[in-house]
Each structure stands twice: as C-alpha cells, then as structure tokens.
Amino acid sequence: MDKIKFSDIRITGGLWRDKQDMVKNVTIDAVYNRFCETHRFEALKCTWKEGDPDCPHIFWDSDVAKWLESAAYIMATEERDEKLEKIFDDAVDLIVKNSDEHGYFNSHFLVTRQNERFCHRGEHELYCAGHLIEAAVAYYEATGKDKFLKAMCKYADYIEQVFKLEKSAEFFTPGHPELELALVRLYHATSDKRYLELSKYFIDEHGKPENGEISNNNYNQDDMPLRDRITADGHCVRALYLFCGMADIAYEYNDSGLLEACKRLFENITNRRMYITGGVGSTYMGESFTVDYDLPNRKAYAETCAAISLAMFAGRMQAIEPNSKYADIVEKVIYNGFLSGVSMDGKSFFYENPLEIDPGFNNKERFPITRRQEIFSCSCCPPNITRFIPSIAEYMYSYNDSVLYIHHYMNSETVGGSIGIVQETNYPADGEILIKCNIDKEYIALRIPGWCKSFKLSLPYEMKNGYAFVRLSGETEIRLTLDMPIEAIAANKRVHENAGRIAIMRGPVVYCAEGVDNGADLKNVRVDIHGNFELGSAEFLLPSIKTTGFRDADFDSLYKFADDAYEEFPLTLIPYYAFANRGTSEMLVWLLKK
Ligand code: FUB
Ligand code: ZN
C-alpha cells in the first residue's frame, strides 16, 4: 500500500494545527538554543580535544540529526525558511568537511577514538548514522538539495563494506537499532536496492550466534532470531525501532515469517505490556519492557521516544494490513503518552511519562521527575517530538488500487499529489467529521475507532476489519458521527496495580486528576462510574471533565474502625497530556471505583 505523504497534506485546524504551530514557532528554536548552549551543534566542527569538558557524547550526532530532520519537515509542510535552511546547510557543510575519506562521520569517535571505530556495539555509531541518513533524506525531499544525501550514501556504502562485505567490524548488528529503518528510507529516496538489502542483512543477522554463542541478553534483541520473537523484551526504544525495520523489510520482501513476528510482537505489547496512555516501558532499569501485566504507574518509565517508536511501528502495520487495531494504537499514543512529552508552551519536555505523581511522598526510591525540563543530558526525546509533530499527517491515509483508507481524522486538506481529499472536523474535541473527496477509487474506508460504541454514516457502508467501506461514485461527501461519551475504563485484573480502579476516557483521550484542581491524596479519591459526568472548559485545547469525587473523611490517628463515610467534592479531570503544566502537583490516572 502507498501512503499520502505528509508533505501533500495541510493540517488546517484543530489540535494538530495548534501543535504544528507550536513546534514551528516555539519548540524548534527552544530545542536548537538548548542544543547550541550545550555545544551539540559545535561538536560537528570536530575541533575539540580529548579531555575537553565539552567532549561530545556518543550520541549527540543523533540529537542534532533529529533536529535537522525536524527542520526539514517544517519546511516540507509550511514553506522554505531561510533561517532553518542556513542552520541546516552549515551543519551539512561541517559534516561533509569532517567526514573521512570513506564517508564515515561521528563527531565523538572521529576525534577521541580514531582507532576504535566500529569496535563497540553499545556505543551508538550505527544509531547516529541512521539518524543522519533520515535527516539527509528528509532534507532532500523538502528542498531537492542533495549534498547531504550524497554524503550519507557514501557513508552507507562504507557501512555495507565494513559490516556486510568484509565483516571487519567488531560486532555484527547495531547495538541501538534505527539504521535498519533509515536504510529503507534511503532506498526509497535513491532507488538503490543495495540499501534495502543492507537493511535486510542487519534484520537477518540479529540474534545469530556471535563467536559461536547465542547471547542471553535481550537488551538489544540478541537472544534469538527476530523471526522467532514472541514477546517484546529489552530496551523499549531499541526494540521498537527494530520492529519498524522488521515491518519495513517484511513489507518490501513480502516476507510472511517476519510479518507474523511483527504481528505477535504487536499483540504482546498492546494486550499485555502497554499503559492505557500508549506508553511502554515499565522500568527505568534498562529502560525496558518487563513481564506481562506489570504496569506500575508511579514508576512508569514510558519514555517519550518509546511512545513515538510504538506509533511508528503501529503506523507501519496499519499501512501493511488495514485492521483498525493498528491505527487505534497510533491514535492512543499520539493523544496521550506521546503528547504528554511536551509542555503546553512547547518549551519543556518529559523523558519519562508516569501515570501517577505524588511529589509529597518522601522516600529514597527513584521516580520520574515531576516537572518537564528544557533539556536533558540524554536529550533524545525533544528532537523526536519536533520531528514527529510536523510529519504527523503521514499517518492519516494509505491506499491501494481500489481503496483509500482513512486511518486518522484531522481537520485538513491535501495540497499536492494525485488524491484530493478534505476533512472538516474538530476531532477529537467532538466526533463530527465531514469528508469531501473526488478520487479514482472504488471505495473509501473510514476507521471506526475501537473506543467508539456507536456511530452514524451518511452513506451506505459495509464493515471490514474495523473500517466502514463506502462505495464511491464521483464527487462524494460523507458525514461520519462518532459518538464520544465519557467512559470509565477498567484494566485486566492481572494488572494488580490498577485493582479496583478506573480510568476516564473520552474518545481517544485519557484523563487524569491533578492536585492543583482537586487537593491532596488523590489515591484516596473515588469515582462513581454511574454518576454524572459533564464537559468543562477547554483550558488545554480539549474539554476538561467534571464529576463528583468521594474521599475518605480525614482523621488524626493512623488507624480507625472502617466505615462508609465519604466527603463529596467537585472533581475536575484534565486530558492526561496536559498534566504538570501548572507547577508540581499530584497527578493520577487510575482512580478508585466507588
Ligand atoms: O540510547 C539513545 C537513546 O537514549 C535511546 O533511544 C533512549 O531510550 C535513551 O536511552
Ligand atoms: Zn527519548
């Protein structure tokens, strides 16, 4: 299936227009300034000396590359921007100037450890290479400028020589996967099949015995061949970038074994190991998946990059096999565990996205931070956010000869390409969607989200795999109304953390309670799922929710005889993505059920 490119779609209103404006007007500069202050861009000059306090971190190049990719996407969706282009071109000049005769570039290894190139699997050289390649492809597609692309082709040729042809590196596959999916993009940009084959080579090499032995370490997905994987284990971001590469290769080579593995992994993640917010990663130890149903709320690791990479994986699956369960996960991530990663003002970020914050709880264990920060020493998430939001429309549509699939609803219009389609909607503020199209397809297939119990369509339809298929004839207008009541959601009883608790959702959006609205001791607050729920003001773009909360009456002693005495109070819930925008505060997603 093909996709309508995000650069051919203009988001014209609603939540994503707001977020795209935020990235374009605020976040891209905010991240750039923090990266300059911390010398990440300067590192490209390769002029520092070993032992300098500003010695580039092993994956700073990936931070810069993701920022560059973001700038390219902003230019692809909006318009060329002299300032962004100058920063981009200057960075490319430095990268090209300082690449060695083979095309190798890494601002850390080139200066400090010339003799240790491709010796340390865990030190991110191939991960940085992958991000540089993605940035080069993005810039070429946005501007037609090919200097960076050519440089990255040379670098990829060198990687092919060292890893595939000579096998002269000290390791066989990327310790931090990412290159696999980047090479597929390079193949699409250049039509040079060697890059696709190199990606497949790395996918096939994963989990093979090294020096006669299979590793028992699942951190980098090394403990078995990828085709045999059943559960998602190890470092979440590594795993999910790799699963994206697997899905790409499964699609390009029509490889059913690999696709089956992708499907198994998707099921394992989304039915056993994912937070209701679409966050993944239950522990900061190894930033990893743990075991089925282990979803601690306060200690959730749920890195923003892990959410992004889950959306990327689900987005690939949604385009390979249109079943609404894939797009449902993209949607769950983008409105919740991804969006919580950036503050409402676009200037600060969460690395970890917990589902519970109790700042007053004094103990010595490690918990996620309670306030977003402008930069981290490990700052992979901010530039991942700035590249994801401008390109989000890439997830909206896919098509084959006879069907155009609408996976996501955003107020938008196509502005180029061969398919003309307009969506008029405030989704997800409400579920009213008007679609206007005049396309040369037999059907248009509209996703009916898994959260939606009832809907209306203005034309006859047939349901298949969660999509409503409407037959087209010429210019067509379709009105879709997705009923979007406020719902209480329970977790599987095996998620012991959530026993007796419910989460409130409206449409795809998860809600939370914050101390700043509701006072302290949120873990004590009960909600009557049959009570009255109303929509409130939209301080954070989407409406808040009002209901009655019940909490235990306070008493001085540590214990007392139990009773049913509750105090009632007006409970306010806000979209989860908006928590921690009003100072440090308690926050809770899973509330006690009365
Ligand atoms: O290792 C590079 C990046 O830093 C990973 O993708 C994130 O999970 C964080 O560990
Ligand atoms: Zn990250």
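The values are calculated or read from the model by the stated rules, or taken from the named source; none is laboratory data. The model shown is predicted, which means the values in this text are computed figures rather than measured ones. When we count neighbours, we look across all protein chains shown, and the Cβ atoms used for this are built from the backbone with ideal geometry, even at glycine.
Of the residues making up the stretch 107-131, those that are within 14 Å of ligand 1 (Cβ to nearest atom) and crowded, with 19+ Cβ neighbours inside 10 Å are H108, R121, E123, H124, E125, L126, Y127, C128, A129, G130, H131.
Take the stretch 343-374 and flag every residue that is within 12 Å of ligand 2 (Cβ to nearest atom) and not polar (S, T, N, Q). It would help to see each step written out before you state the result.
First, pick out the residues of the stretch 343-374 that are within 12 Å of ligand 2 (Cβ to nearest atom): 349-353.
Correct list: F349, F350, Y351, E352.
Checking every residue in the stretch 61-72 against the condition of being among the β-branched types (V, I, T), surrounded by fewer than 24 Cβ atoms within 10 Å (Cβ to Cβ) and part of a helix (DSSP H, G or I) gives zero matches. Contact map, the stretch 420-441: first residue under 22 Å from M1 (Cβ atoms) and in the same structural domain as G536 (by TED's automatic domain parsing), second residue aliphatic (A, V, I, L, M) and not in a strand (DSSP E or B), Cβ cut-off under 7 Å, separation 6 or more or different chains; the map is empty. The residue pairs whose first member lies in the stretch 112-123 and is without any contact (Cβ under 8 Å) to a residue 24 or more places away in the chain, whose second member is surrounded by 17 or more Cβ atoms within 10 Å (Cβ to Cβ), and whose beta carbons are closer than 6 Å, counting only pairs six or more residues apart or on different chains, are R117/F109. The residue list I320, I269, I308 contains one member that is within 16 Å of ligand 2 (Cβ to nearest atom) and at pLDDT 95 or above, which is I308. Out of the residues in the stretch 376-404 meeting the condition of being crowded, with 18+ Cβ neighbours inside 10 Å and assigned to a loop (DSSP other than H, G, I, E, B), tell me which one is nearest to the chain's Cα centre (by Cα). My answer is I389. Filter the stretch 368-405 for residues that are under 30 Å from A468 (Cβ atoms) and within 16 Å of ligand 1 (Cβ to nearest atom) and give the result. Within the stretch 368-405, just F388 meets the criteria. Of all residues in the stretch 149-208, those satisfying the criterion of being in a loop (DSSP other than H, G, I, E, B) and polar (S, T, N, Q) are S168, T173, S191. Taking the criterion of being without any contact (Cβ under 8 Å) to a residue 60 or more places away in the chain, among the hydrophobic types (A, V, I, L, M, F, W, C) and either within 13 Å of T173 (Cβ to Cβ) or touching a Ser or Thr at 6+ places or on another chain (Cβ under 7 Å) (or both), the only residue of the stretch 225-242 that qualifies is L226.
Taking the listed residues T173, T190, the one that is within 30 Å of Y301 (Cα to Cα) and either in the same structural domain as N115 (by TED's automatic domain parsing) or within 23 Å of the chain's Cα centre (by Cα) (or both) is T173, with no other qualifying. A Cβ distance below 9 Å, combined with a sequence gap of six or more or placement on separate chains, defines the contacts here; from the stretch 46-72, residues that are in the same structural domain as C380 (by TED's automatic domain parsing) reach residues that are charged (D, E, K, R) and modelled with pLDDT under 80 in the pairs W48/D54; C55/K49. In the condition set (1) free of Cβ contacts under 8 Å to residues at least 40 places away in the same chain; (2) more than 16 Å from ligand 1 (Cβ to nearest atom), M285 is compliant with all but (2).
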